[in-house]
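These notes concern the structure reproduced below.
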Amino acid sequence: MNKSNSVSQKCKQCLRPIIEDLGYELVDIDYEKKQTGYNLTVYIDGNVPITLDDCEKVHKAIDDPLDNLDPTGNQSYILNVSSCGLDWSFRGERDYKKNIGELVDISLYSKVDNKKTLTATLLSYNEQNIVVKDKKEITLPISSIAKICKHIEF
């Protein structure tokens, strides 16, 4: 396990109950180096769209517990709390299952039916494959998907 994954895992174990007690869901945590230094970004979701006030509320609730946990081993970082956002790339089972029946945008590593991108309805998911329907039903291995996210219409 690399340092980024180790920091994220430690934080998830500590922060999940705090965030859930506030009525939100801890979706994921990223720990990565950026131009401004290390960033620890906590992604939350809820039953209604997440607002800036929600992010601020969670930030205040997790700041002291993170200081006590010291997941980075005294390495300074910038703490961010964010919603998943409209263009959230699916990261796992939660995202797939939440979007069954929804229109999704899919980018593939290689062409299927002469297309590397498609917009289709997500019909089902398991650990190996998804089934989508455009003009016809298509089964796609998860490993063939470069990116998948909910389709946004303007």
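Computed values, structure above
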quantity: Qualifying residue in region 34-57 (condition: more than 15 Å from the chain's Cα centre (by Cα), small (G, A, S) and part of a loop (DSSP other than H, G, I, E, B)); calculated: no
quantity: Residue satisfying all of: in region 111-128; surrounded by fewer than 16 Cβ atoms within 10 Å (Cβ to Cβ) and at pLDDT 95 or above; nearest to E153 (Cα to Cα) among these; calculated: T119
quantity: Options V42, V81, V7: the member that is touching a His at 6+ places or on another chain (Cβ under 7 Å) and in contact (Cβ under 8 Å) with a residue 40 or more places away in the chain; calculated: V81
quantity: Any hit, region 106-113, residues being touching a residue at least 40 places away in the same chain (Cβ under 8 Å), under 24 Å from E127 (Cα atoms) and assigned by TED's automatic domain parsing to the domain that holds I142; calculated: yes
quantity: Matching entry among G73, G101 (being modelled with pLDDT of 95 or more, loosely packed, with under 11 Cβ neighbours inside 10 Å and part of a loop (DSSP other than H, G, I, E, B)); calculated: G101
quantity: Conditions (1) surrounded by 11 or more Cβ atoms within 10 Å (Cβ to Cβ); (2) under 12 Å from Y24 (Cβ atoms); (3) of a type outside the set (S, T, Y); number of the one not met by V48; calculated: (1)
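The values are calculated or read from the model by the stated rules, or taken from the named source; none is laboratory data. Keep in mind that this is a model prediction, so the values were computed, not measured. Here Cβ is always computed from backbone atoms with ideal geometry, including for glycine, and neighbour counts include all displayed protein chains.
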